[in-house]
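Taken together, the values in this text are just the output of simple stated rules run on the coordinates, not laboratory data. Keep in mind it's a predicted model, so treat the numbers as computed, not measured. So basically every Cβ, Gly included, is an ideal-geometry build from the backbone, and we count neighbours across all protein chains shown.
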There are 2 protein chains.
Amino acid sequence: MCQLLGMNCNVPTDIVFSFTGFATRGGRTDNHNDGWGIAFFEGAGVRHFVDYQAATASPLAELIKQCPIKSKNVISHIRKATQGRVALENCHPFVREMWGRYWVFAHNGDLKEFRPELDGRFRPVGTTDSELAFCYLLQQLRKRFGDAMPALPALTVALRELCAEIASHGVFNIMLSDGSALFAHCSNHLHYLVRQYPFPVAELSDEDVIVDFSLVTTPKDRVAIIVTAPLTTNETWIAFEPGEMKVFIDGQPVEPAEYA
Amino acid sequence: MCQLLGMNCNVPTDIVFSFTGFATRGGRTDNHNDGWGIAFFEGAGVRHFVDYQAATASPLAELIKQCPIKSKNVISHIRKATQGRVALENCHPFVREMWGRYWVFAHNGDLKEFRPELDGRFRPVGTTDSELAFCYLLQQLRKRFGDAMPALPALTVALRELCAEIASHGVFNIMLSDGSALFAHCSNHLHYLVRQYPFPVAELSDEDVIVDFSLVTTPKDRVAIIVTAPLTTNETWIAFEPGEMKVFIDGQPVEPAEYA
């Protein structure tokens, strides 16, 4: 199984603290050695880094820790291969363009007998069930809404239905973002927290690192961190319910009614 | 105007030597300060790096020089903005998936009154004429060949026609690759050379760097370098003819008849 990390904020924020703990699981505190990846939205653009080396052995992961990239939406993944060999094209997150935006997707889980019919508009390049699910998901959104991106409430309803459908084939913990919102669906393992004023001193559980967020934030900053397993020992992480999908905007979970 | 650099090889090769000279033009020996990017195919996967900083000021460009990535097809670009503001989403190369493969594209030039009709399958995320041309090009290939990728001779003929059509709107020097071949179209400035046994000692024109390729190659290696302006002072670069499109496979230009 793999692990997921996501961040959604109201101002561009660096993910170095959380990524440092998370990347440690890619070979040291856990055995997710079969590649890793991270995607940062920056305006409409995306910085996308993937590697089939363990995150703990990757010069690129070191660079990301040393040169903070500020972003409002980040999705990261460390891989323990189940379907699809260890190769660059099988590393998450995956990126596709739809409706003139980039969509970034990562998956933790394993889908059985999942063979959806693809119409060719979005096709997997690699051989994972995850990329196949991503292509199917985009295709179905495109079929339902046509050429124009729908408003967020309609999109959220559609995504909930599609996630439930795909999750009937197995474990489907996912993160998806178009740079304006971060969608997270939980089959079994997903947690989140919102950091905001007054900011805590946080201690990583995987590395001997402490950060006093009050020193690096303003009182208006708000950051949601979503992750497979809690990253810190002294904060309260909220577990998703099985089957739950949450939408994060501006650093907090929102309900469609709130932004309708 | 921007500059382009491409590499096509018969064995995975690092591009550090050529990229070192090329990146110097992104802010030091030339004024292409408005971003840069590079994409490396690795199997079916792509490593894609873009930055809106000048290449000479980018930590990512430093990492690429220090950690050689071996690839059979590489496309790089340094940007001097003409259309589209300085932003991540406007940095080349651009990447899209078609026919279950990634396609990488970069453009040097400026298109006037180029407003093709897009059917929505491929849409620009940024605001450059270049990304628009890329989307149009993929759309037209998809229209002509449907769901199945054609053989290379048919694809080459179609690309020649499409490049000529787009080039009627202005300067359209481009590089395009799907990881198996590198297509290069020249409107006005494009040069190439093939390095093979016996390998030369090459001197960069933009940096005080010399490499004896015979020390880092085997007699079977063959590498084509394609670039806006020659990178070395002591090798013979061949200028493309205006309107010419060449296809590079396994480190050399080929004619469709050769691989039909």
Cα gyration tensor category, rounded, prolate or oblate, for the range A:123-194 with a/c compared to 1.5: oblate
Across the identical copies, how the A:GLU62 labels are spaced - nm, sorted shortest first, 7 Å along Cα→Cβ: 1.3
Position B:PRO150, label points 7 Å along Cα→Cβ, spacing to each other copy in nm (shortest first, one decimal): 3.7
Hydrodynamic radius by Kirkwood, which averages 1/r over all alpha carbon pairs of the range B:1-118, in angstrom: 14.6
Fewest-first sequence of A:ARG96, A:ARG25 by Cβ atoms within 10 Å of each Cβ: A:ARG96, A:ARG25
Under the span-like rule (Cα at least 18 Å along the axis, Kyte-Doolittle mean at least 1.0), DSSP H helices of chain B: B:152-167
The range A:59-96 versus the range B:102-162: alpha-carbon centroid distance in Å: 28
Within chain A, helix-based [θ] at 222 nm, where runs of 4 or more DSSP H residues each add -39,500 (n - 2.57), nearest 500: -6000 deg cm²/dmol
Pairs of alpha carbons in the range A:183-260 whose separation is greater than 13 Å (percent): 70
Whether chain B is rounded, prolate or oblate, judged on the alpha carbon gyration tensor where a/c under 1.5 counts as rounded: oblate
When the range A:39-174 is reduced to its Cα atoms, the Kirkwood hydrodynamic radius in Å: 16.0
Which of A:MET175, A:MET149, A:MET7, B:MET245 has the fewest Cβ neighbours within 10 Å, and the rest in rising order: A:MET149, B:MET245, A:MET7, A:MET175
Relative contact order of chain A, pairs being alpha-carbon contacts under 8 Å that are 6 or more residues apart, as %: 23
Whole-number D in µm² s⁻¹ for the protein assembly as shown, Kirkwood Cα-pair radius fed into Stokes-Einstein, 4 °C, 1.567 mPa s: 55
Mean Cα-pair separation over length for the range B:144-220, i.e. relative contact order, pairs under 8 Å, 6 or more apart, %: 17
Set of the range B:1-30 residues, backbone N closer than 16 Å to the point 7 Å along the Cα-Cβ line of B:THR218: B:9-14
